[in-house]
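Have a look at the structure below before the remarks.
The values are calculated or read from the model by the stated rules, or taken from the named source; none is laboratory data. No experiment lies behind these values; they were computed from the predicted model shown. Quick reminder, even Gly has a Cβ in these numbers, built from the backbone with ideal geometry, and neighbours come from all protein chains shown.
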Amino acid sequence: MKKIKIYQYPKCGTCRKAMKFLEKNKLAYEMVLIVDQPPTKKELKNALDYFEGDLRKLFNTSGVVYREMKLSQKIKTMTPKQAIDLLNSNGKLVKRPFVLTNKGPLVGFNEELWNAVLQS
């Protein structure tokens with residue numbers, strides 16, 4: 001299996017759990033600091049396609065920036081292009097960790113799901 005590309009934020013507890021999972025299971029990965037280098041527009045579009053256009057799945061809805069920008073209301077009328085442009089411009093808006101695999105994206109950390117996708 002090729003290296004897993006994981007976008008993460010070191011101060012995020014969920015990201016730390018995900019990193020421990022990768023280490024514990026000896027999975028090769030490439031770590032990308034999501035605030036410095038958000039996922040590309042193409043990666044975000046692929047994830048959005050996988051989630052059948054459900055924008056909320058890509059946003060860090062519990063994040064400070066999300067709340068400050070009052071996106072819970074704006075997201076309802078946002079086009080996919082607007083959402084992708086916004087996510088690509090601010091890594092703190094992206095639900096994390098954000099991982100692209102050959103079986104689809106993993107957004108957030110769910111150990112059972114990660115086991116199913118990454119260990120098979």
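Mind listing just one residue for me: the one in region 67-120 that is small (G, A, S) and farther than 13 Å from L48 by Cα and, of those, modelled with the lowest pLDDT? Among them, the one singled out is S120.
For the subset of region 60-110 comprising residues that are of a type in the set (S, T, N, Q) and surrounded by 13 or more Cβ atoms within 10 Å (Cβ to Cβ), which member is nearest to K2 (Cα to Cα)?
First pass over region 60-110, keeping only residues of a type in the set (S, T, N, Q): 60-62, 72-73, 77, 79, 82, 88-90, 101-102, 110.
Those left that are additionally surrounded by 13 or more Cβ atoms within 10 Å (Cβ to Cβ): 60-61, 82, 88, 90, 101, 110.
Values: N60: 27, T61: 30, Q82: 31, N88: 24, N90: 27, T101: 9, N110: 21 Å.
Restricting to residues being of a type in the set (S, T, N, Q) and surrounded by 13 or more Cβ atoms within 10 Å (Cβ to Cβ), the top hit is T101.
Among the residues of region 105-120, those that are more than 13 Å from the chain's Cα centre (by Cα), over 13 Å from K20 (Cβ atoms) and not hydrophobic (A, V, I, L, M, F, W, C) comprise E112, N115, Q119, S120. Within region 25-37, residues that are in contact (Cβ under 8 Å) with a residue 12 or more places away in the chain reach partners that are loosely packed, with under 12 Cβ neighbours inside 10 Å with beta carbons closer than 7 Å, at six or more positions or on different chains, in the pairs N25/Q119; A28/K3; Y29/K3; E30/K3. Within region 38-58, the set of residues being hydrophobic (A, V, I, L, M, F, W, C), surrounded by 17 or more Cβ atoms within 10 Å (Cβ to Cβ) and either touching a residue at least 40 places away in the same chain (Cβ under 8 Å) or touching a Lys or Arg at 6+ places or on another chain (Cβ under 6 Å) (or both) comprises L44, A47, L58.
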